[in-house]
Each structure stands twice: as C-alpha cells, then as structure tokens.
Amino acid sequence: MAVPKRRTSKRKKRARNTHKVAPKIVLQACPRCQSPKRPHHVCEECGYYAGQQRVTAREA
C-alpha cells in the first residue's frame, strides 16, 4: 500500500486546491420586471418564464 514519504506542506496543499472554487452565481435582469434572476429559472418576482406566466407572482 502506498504511503506518503513526506507530509504535504500547507503551501503545496493550498496551491493544489486553488482550482477547487465554487462557480459564481450568474444573475441577469428579468426581461419583464427587470429584477435580478438566474438564467433558465422562473422569475421569483413576477412568475414569468419564456414570456409565459408559470407560477403566481410573489405578493409584496
């Protein structure tokens, strides 16, 4: 069974893990109400997606 000969330093470990970052959450303006929403998701404010009402709008 393989066993590491030396302990991995913090610097080596952190340099290796620099690419393990969660992707940024993309937001875009809703074409109907201009509130920020995620692409390919129903707008939480007006309830529209692809020009059609999909869910009831959130009441303020």
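Read the figures in this text as sums done on the coordinates, not as results from a lab. Bear in mind the structure is a predicted one, so any value in this text is a computation, not a measurement. Cβ atoms come from the backbone with ideal geometry, glycine included; neighbour counts cover every protein chain shown.
Here are the numbers for this structure:
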quantity	calculated
S35, S9 arranged by Cβ crowding within 10 Å, fewest neighbours leading	S9, S35
Burial ranking of peptide ranges 15-28, 42-55 (average Cβ count within 10 Å, highest at the top)	42-55, 15-28
Inter-label distance for Y49 and S9, nm, one decimal - labels placed 7 Å from Cα along Cα-to-Cβ	5.0 nm
Lysine pairs with alpha-carbon atoms under 21 Å apart, the chain, spacing 8 or more or separate chains	4
Average projection area in nm² (convex hull over Cα atoms of the chain, one quarter of hull surface)	8.5 nm²
